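Structure, as structure tokens:
The values are calculated or read from the model by the stated rules, or taken from the named source; none is laboratory data. Not measured: the values here are computed from a predicted model. Please note: Cβ atoms are built from the backbone with ideal geometry, for glycine as well, and neighbour counts cover all protein chains shown. Note: areas computed on protein heavy atoms with side chains; ligands, DNA, RNA excluded. Shrake-Rupley method; radii C 1.70, N 1.55, O 1.52, S 1.80 Å.
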Amino acid sequence: MRKKGTILVVEDEQRIRRMLVDYLKINEYETLEAKDGEEALEVFYQNNHMIDLILLDVMLPKESGTTVLKEIRKQSTVPIIMLTAKGEEYDQIEYFKQGADDFLAKPFSLELLLGHVEAIAKRCFQNRKKRVEMGNIVIDMEQRKVVVKEESIELTPKEYDLLVYLIQNKGIVMERETILNAIWGFQYVGDIRTVDTHIKQLRAKLSSDSNYIKTVHGIGYRFEVEHDSLH
């Protein structure tokens, strides 16, 4: 059975998190989990290409939900529903100002949660990119396959994630440190030279189309191509 989408559930209380995850799975959604703000960012950065929606608790250890919201909004428009004990109008306005798409005040029923999720799913999930065409590059997002000029190229998992990440942020200068955190995670012990090494490897495999990846000296990289299409 084809799943409806992938939802990241960020909730520090294990009982509530498990309840939400189980209910979403029963209703045909794939799920990812995080128990605190720091883990939420790491899970998001490592899986942003497949996450369709985030359920984000406001009160979290390590990094607050609002901090997580702000960080994700720096590079993604993925729908985010805030889960909060604060339901006052002032709080709602602040969440929307910071980029939230919706909110649910605790306690809420699972049926109400599903109603909010389904409403966003109808509006946003149908536009999920399953196939990406950028110039001579074609990516099958579901199969994680890359074709350049009608020939398949073999990429390592990190090279693939790096290419998809750059394409998803096409036209935007991405700093090396931002790329490092997004692809390798906050806990990675290497340095930004890892990014340069993988960019070099990726360019070699893209061959004559390597010029899509522009170097912005002293800052990072930008993906740029004149013609593209999303399906």
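Before moving on, here are some points about what is shown:
- Charge dipole of the chain about the Cα centre (unit charges at C-beta), most positive-ward option of Ala100, Gln201, Tyr23: Gln201
- Sorted largest first, extent of segment 1-54 alpha carbons per principal axis (Å): 32, 27, 11
- The chain - accessible surface per residue (Å², probe 1.4 Å): 53
- Reported to the nearest whole Å, the Cα centre-to-centre distance from segment 139-183 to segment 6-24 is 29.
- Heavy-atom accessible area ranking, 1.4 Å probe, most first, across Met82, Met141: Met141, Met82
- DSSP bridge analysis restricted to the chain gives an antiparallel fraction near 55%, rounded to the nearest 5.
- In a simple Cβ point-charge model (Lys, Arg +1; Asp, Glu -1; nothing else charged), the chain has a dipole of about 520 debye relative to its Cα centre.
- Calculated P(r) tail over 23 Å for the chain, as whole % of Cα pairs: 51
- For segment 99-181, average projected area of the Cα convex hull in nm²: 8.2
- For peptides 104-110, 175-181, sequence by mean Cβ density within 10 Å, most packed first: 175-181, 104-110
- Ellipticity estimate at 222 nm from DSSP helix runs (n ≥ 4, -39,500 (n - 2.57)) divided over the chain, nearest 500: -12000 deg cm²/dmol
- Portion, in percent, of the accessible area of the chain that falls on carbon or sulfur, probe 1.4 Å: 49
- Sites Ala85 and Arg123, calculated FRET efficiency, Cβ-Cβ separation with R0 30 Å, nearest 0.05: 0.70
- The orientation-averaged shadow of the Cα convex hull for segment 55-121, equal to a quarter of the hull surface, comes to 4.5 nm².
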